[in-house]
Amino acid sequence: MNNFFKRALTAGVFVAVLLGCTYYSQLSFTILFFGITILGMGEFYSLSEKGENKPQKILGTFIGASLFASNALVCMGYVDLTILIIHIPLLFLMFINELYLKAENPFRNIAYTLLGIVYVAIPFSLLNYLVVFTDSFSHHIVFGFFFILWSNDTGAYLAGSAFGKNKLLPRVSPGKSWEGSIGGAIVSYIVAYVISEWYTDLSVIDWFIIATILIVIGTLGDLVESLYKRSKNVKDSGNLLPGHGGILDRFDSLIMATPFVFTFLYLEKLFNL
């Protein structure tokens, strides 16, 4: 199959499933991202194993999945935040396990195991709070999140292809340019304004602030994942999505930006700004 059509087909199915599950119900959203969390952690730990590291994949993935599920149950109203304390002893099991695994670099393995939880599971877990930000399930904020991220990527690609001359960070990602980043930002702000007319849960200023976070932090998230892949001498994080790499390749910007958007929205809500 022609690579272009393979990429287009994968992108079409990916977007349809992502938007469909997010729109349909809180349960379908939760099931989808529960699976994405597990797959993303699997990719992260597989990359981590390059270079004689041996992260505790099973325990790390279990904790990450449990963290996502616990936060989802909190947001669905089945349990309260107290349930999250069960993860404290689980985290310390990593240290105990290394006493018996006889690894050459036990604390490096612990570090990679913890990093998988922090880098993958926590951001995806926080998405649960974005779909209930208005105190009941709504796809509006997460849809806006997706649309702005995608518009930034698309605008950056088109502007970079047409005008890109000055490299953004060539040591990490030679293909990214300042011109592309500016183009992505312009498109993102336009899309943010349009979204503010459709989804009035947030003000236009809120959407512009979210767009700014996604433009800056989302781009940095892409670069962080590129840096990690370069450190492991791989091109893609996986091959689950034909023509697009793996889960981490598709969600790198979202992973880094979600904690910032979550913090902004809930601090604004806390202080009634």
Criterion: in the same structural domain as Tyr266 (by TED's automatic domain parsing), surrounded by fewer than 20 Cβ atoms within 10 Å (Cβ to Cβ), of a type in the set (A, V, I, L, M) and under 22 Å from Phe33 (Cβ atoms) - qualifying residue of Leu241, Leu169: Leu241
Pairs where the first residue, in region 213-228, is free of Cβ contacts under 8 Å to residues at least 40 places away in the same chain and assigned by TED's automatic domain parsing to the domain that holds Thr263 and the second is of a type in the set (A, V, I, L, M) and part of a helix (DSSP H, G or I), C-beta under 7 Å, 6+ apart: Leu220/Met256; Gly221/Ile255; Gly221/Met256; Gly221/Ala257; Val224/Met256; Glu225/Leu248
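Being modelled with pLDDT under 95 and either part of a helix (DSSP H, G or I) or within 21 Å of Ile88 (Cα to Cα) (or both) narrows it down to one residue among Leu59, Leu47; which is it?
Leu47
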Output for region 229-258, where each listed residue is farther than 15 Å from Trp150 by Cβ, of a type in the set (D, E, K, R) and part of a helix (DSSP H, G or I): Lys229, Arg230
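Grab the helices (runs of 4 or more DSSP H) fully contained in region 106-192, keeping just those with 2 or more residues being among the small types (Gly, Ala, Ser), farther than 20 Å from Gly64 by Cα and modelled with pLDDT under 95. Walk me through how you get there before you give the answer.
Details: elements: 106-116, 122-130, 140-163.
It comes to 140-163.
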Output for region 28-74, where each listed residue is more than 19 Å from the chain's Cα centre (by Cα) and more than 20 Å from Leu240 (Cβ to Cβ): Gly51, Glu52, Asn53, Lys54, Gln56, Leu59, Leu73, Val74
Matching residues in region 143-185 - criterion: being within 19 Å of the chain's Cα centre (by Cα) and of a type in the set (Asp, Glu): Asp153
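The values are calculated or read from the model by the stated rules, or taken from the named source; none is laboratory data. Quick caveat, the model's predicted, so the values are computed rather than measured. Cβ coordinates were reconstructed from backbone atoms using ideal geometry, including for glycine residues, and neighbour counts include every protein chain displayed.
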